[in-house]
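Asker: Have a look at this one.
Please treat every number below as a calculation from the coordinates, not as lab data. Please read all numbers here as calculations on a predicted model, not as lab measurements. Methodologically, a virtual Cβ is constructed for each residue, glycine included, from the backbone with ideal geometry; neighbour enumeration extends over all protein chains shown.
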Amino acid sequence: MTTSDNDDKGGIDPSVQAELDRLRGSIDNIDAAVVHMLAERFKCTQQVGVLKAVHHLPPADPARESRQITRLRQLAESARLDPAFAEKLLNFVIAEVIRHHETIADSSAREGAV
Ligand SMILES: C=C(O[C@@H]1C=C(C(=O)O)C=C[C@H]1O)C(=O)O
């Protein structure tokens with residue numbers, strides 16, 4: 001990017017705009033895929049939450065999480081993604097899943113008490 005990429009009216013050079021639009025189109029597609037993949041993942045984890053509540057298993061499984069983090073860090077390294085970022089992202093998602101599992105377990109316990 002140089003100052004010559006902007007015209008006198010402060011607009012963006014059409015070829016730069018075209019490249020920006022192309023890249024942003026791909027970013028939008030990737031974001032949509034991420035949302036759809038997360039939605040599918042949460043559909044599965046909700047079912048795991050019900051299974052755990054019915055069988056009185058704890059909402060969190062730290063041993064499983066630790067295996068997932070090891071695996072995801074390796075995948076991130078081979079994909080040239082920062083492994084620390086991949087770990088943070090997984091922990092963020094897992095924390096939300098555990099919160100859901102706790103809610104499912106609470107409502108299951110309340111239903112059992114009726
Ligand atoms: C989904 C599960 O429950 C929790 C959530 C996990 C996840 O989101 O990947 C992993 C381990 C558990 O703490 C599970 O036990 O598999």
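Asker: Taking DSSP loops as anything outside H, G, I, E and B, show the longest stretch in the chain free of trypsin sites (Lys or Arg not before Pro) there with at most 12 other beta carbons within 10 Å.
Answerer: No qualifying site falls inside 10-79, the longest such stretch.
Asker: OK, next. Could you give me the ³J(HN,Hα) list for the range 35-42, computed from phi with Karplus coefficients 6.51, -1.76, 1.60 and θ = phi - 60°, whole Hz, x at Gly and Pro?
Answerer: Once θ is set to phi - 60°, the couplings for the range 35-42 become 4, 5, 5, 5, 4, 5, 4, 5 Hz.
Asker: Could you tell me which of Val34, Ala105, Leu75 has its Cα farthest along the dipole of the chain towards the positive end, charges placed at Cβ (Lys, Arg +1; Asp, Glu -1), taken about the Cα centre?
Answerer: Result: Ala105.
Asker: Relative to the Cα centre, what is the charge dipole magnitude of the chain, using +1 at the beta carbon of each Lys and Arg, -1 at the beta carbon of each Asp and Glu, and rounding to the nearest 20 debye?
Answerer: It works out to roughly 720 debye.
Asker: Express in nm, to one decimal, how much length is gained between Ser15 and Ala33 on full extension, taking 0.36 nm for each residue of separation and deducting their alpha carbon distance.
Answerer: So the extension gain works out to 3.7 nm.
Asker: Out of all Cα-Cα pairs in the chain, roughly what percent, to the nearest whole number, are more than 23 Å apart?
Answerer: 53
Asker: How far is helix 83-113 tilted off the main Cα axis of the chain, in degrees rounded to 10, range 0 to 90?
Answerer: Roughly 40 degrees between the two axes.
Asker: To continue, here is another question. Under 8 Å for C-alpha pairs, at least 6 residues apart: give me the relative contact order for the range 50-114, rounded to a whole percent.
Answerer: 45
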